[in-house]
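Undergrad: Please see the structure below; I have some questions.
Where a number appears in this text, it was derived from the coordinates with a stated rule and is not lab data. Computed from a prediction, not measured in an experiment: that's the story for all the values here. All Cβ positions, glycine included, derive from the backbone under ideal geometry; neighbour counts span all protein chains shown.
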Amino acid sequence: MPAASRSVPLREHGALILAYLRGVTLPLQSVAWTIIEERRRARNDEFMLRPNVVLWACAACGGGENELSDALPVAAAFDLFDRFMLLHDELVEEDASGGAAAEPVVMRWGLGQSLNAGDALYAMALRALAQDVGNAERRLQAASLTARAVLDAIEGRSTDVERGVRGTSLLSRVRSMRRRSAALTGAALESGALVAGAPQAVCREFNRAGRLLAAAAQSGDAPLARRLAEKSVASIARCIPEPRQLHVFEDIVRHVTKPA
């Protein structure tokens, strides 16, 4: 693949998702909402991989204005699920480490309110999956796929805690993170393709590409990451005849796999 792009890809998709998320509110007096808003402001400039690729996949599979409008709540749901998983990951880290990892959240608001904020994010994500529906059949398929991926990620975290992975080897931790991230990233790409009305074979290739991309992004081995990234691009290339969209995906891959 060519040299890395200097610009952040999918800026326009990110702006649409952030605008949509601003319309999702909780009662302003809620402590949970205060926690959610503080954390949202702290990460507003981050590249939202999974939400962004939902919209990209929809457009790449031929989705028009109606389909992209239908995919937007799904993209927002992935952002909310990501924030839910991140907050609860921090709380698990705090429990395993004796209080250090999640100190900024727990020390200020307490464990109960922090859990409430995570649960609120989960509920908001489920609500997003069910609102502003265009094609009900496709959205139901996307919601089912997304819920399964989130459950896979939660199951992976539960297994980590049960086996004490956080107290064992770094390799075990990395493998677990790859597995959970792969399920979510694969589902994000497949969801966008589903909403666009892509055939099942294309949806499966998009899911595979997302899983490979997640593995590449979290690989500590540069040659392995490069091979996984190339396989991810090859999966998309088999499905997309339009070169411009393929170049956009290449930009995404370069952005998320570049060294920190």
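Undergrad: Dipole size in debye (nearest 20) for the range 11-257 around its Cα centre, Lys and Arg Cβ +1, Asp and Glu Cβ -1? Mind showing how you got there, number by number?
TA: Numbers: 30 positive and 30 negative charges, 116 e Å.
So the magnitude is around 560 debye.
Undergrad: For a quick check of your reading of the filter: which trypsin sites (Lys or Arg not before Pro) in the range 3-72 sit in a DSSP loop and have no more than 10 other Cβ atoms within 10 Å? Intermediate values should be presented prior to the final figure.
TA: Numbers: sites: 6, 11, 22, 39, 40, 41, 43; in loops: 6, 43.
Filter output for the range 3-72: 6.
Undergrad: Now, a different point. Between 249, 224, 188, whose Cα lies farthest towards the positive end of the dipole of the range 176-260 when Lys and Arg beta carbons carry +1 and Asp and Glu beta carbons carry -1, centred on the Cα centre?
TA: Going by the charge dipole, the pick is 224.
Undergrad: Excluding residue 25 itself, what net charge comes from residues whose Cβ is under 14 Å from its Cβ, given Lys and Arg +1 and Asp and Glu -1?
TA: Neighbour charge sum, excluding residue 25 itself: +2.
Undergrad: Provide the gained length on full extension for the span residue 130 to residue 200, in nm with one decimal, where the gain is 0.36 nm per separating residue minus the Cα-Cα distance. Present the calculation step by step, with values, prior to reporting the outcome.
TA: Numbers: separation 70, 0.36 × 70 = 25.20 nm, distance 2.21 nm.
The span from residue 130 to residue 200 would gain 23.0 nm if fully extended.
Undergrad: Once both labels are modelled 7 Å past Cα along the beta-carbon direction, what's the residue 224-residue 29 spacing in nm?
TA: 5.3
Undergrad: Here is a follow-up. Could you give the length gained by full extension between residue 231 and residue 41, i.e. 0.36 nm per residue of separation minus their alpha carbon distance, to one decimal place?
TA: Working: separation 190, 0.36 × 190 = 68.40 nm, distance 3.49 nm.
So the chain would gain 64.9 nm between residue 231 and residue 41.
Undergrad: Just to verify a number: FRET efficiency for residue 15 and residue 147, C-beta to C-beta distance, R0 = 25 Å, to 0.05?
TA: Values: r = 27 Å, r/R0 = 1.07.
Efficiency at R0 = 25 Å is approximately 0.40.
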